[in-house]
Amino acid sequence: MKRSTRTLLDLAVNLGWPVLILSFAATEDRLGPRLAPLVAMAPALIFAAWRRMSGQRSPLSTLVIVSLGATAATGFLPLDAHWYAVKEATIPLGICLLALLSTRSGPGLIAGLMTELLDAPKLDRALDQRGTRPVFEGHARRATRQLGGLFALSGLLSGGLALWLVRSPSGTTAFATEVGSYTSWSYLLISLPMMVGMVWVMRGVMLAVEVSTGQALDAFALDDATPPGSSGSPG
């Protein structure tokens with residue numbers, strides 16, 4: 001499957017489907033407030049399993065599964081609405097913490113992401129030949145910290161938006177409907193700006209690749225048939 005097709009499928013399964021289900025199928029005469037999050041999460045589980053069997057990963061699926069799984073759990077527990085806001089803030093803040101901790105013992109999460117996007121062995125050889133690995137890892141470490149900052153801001157905004165929109169007790173139809181409304185608004189107000197920020201961070205890393213290796217970024221591009229983390233050249 002082409003990468004562009006995988007990307008569209010990723011967005012449809014992990015963003016479009018959950019918003020549709022939680023917004024329009026969570027009423028008592030349809031799926032109900034408890035079953036709706038489970039149905040919304042099911043395609044993400046299947047997609048993540050398929051990517052895993054293909055030797056790939058879907059970070060977006062992982063986030064959706066964790067988030068909707070927590071939402072489903074709250075649907076079966078008599079919890080106040082503010083706990084949903086706590087959950088929405090905790091996940092991005094947790095990712096922020098992981099990103100920052102990853103820079104203490106290495107170049108950070110961004111360097112690992114490069115093995116998914118680029119021909120990692122070829123990139124390693126180019127960095128070693130020019131002796132610029134420390135320079136590149138410094139850029140990757142700084143980008144990882146910037147990414148952590150974006151997730152921290154996302155967590156605070158998500159928690160605030162959830163407090164504003166989700167006010168009904170968990171396990172009710174109103175709760176599921178409000179979660180659907182929150183999900184759609186959060187994509188517009190938080191997720192889309194977050195994506196712009198992540199593109200800005202990744203653009204800086206891509207420029208660092210070119211500066212550190214002295215080669216165009218296309219020289220390290222993976223073919224569709226090349227598994228992430230393996231060299232595209234024989235031997």
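Nothing in this text is a laboratory measurement; each read-out follows from the coordinates by a stated rule. Quick caveat, the model's predicted, so the values are computed rather than measured. Neighbour counts run over all protein chains shown; Cβ positions are idealised from the backbone, glycine included.
Observations on the structure shown:
- Shape call, the range 108-179: gyration tensor on alpha carbons, a/c limit 1.5: prolate
- Site pair W164 and L217 shows an inter-label distance of 3.3 nm when each label is modelled 7 Å from Cα along Cα→Cβ.
- Residue-by-residue Karplus 3J(HN,Hα) for the range 100-109, coefficients 6.51, -1.76, 1.60, Hz, glycine and proline x: 5, 5, 5, 7, 7, 10, x, x, x, 5
- D80/E210 FRET efficiency (R0 45 Å; Cβ-Cβ; nearest 0.05): 0.30
- Projecting label points 7 angstrom from Cα along Cα→Cβ for Y187 and R104 puts them 3.6 nm apart.
- With θ taken as phi - 60° and the Karplus curve 6.51 cos²θ - 1.76 cosθ + 1.60 applied, the whole-hertz 3J(HN,Hα) list for the range 83-88 is 5, 5, 5, 4, 4, 5 Hz, x standing for glycine and proline.
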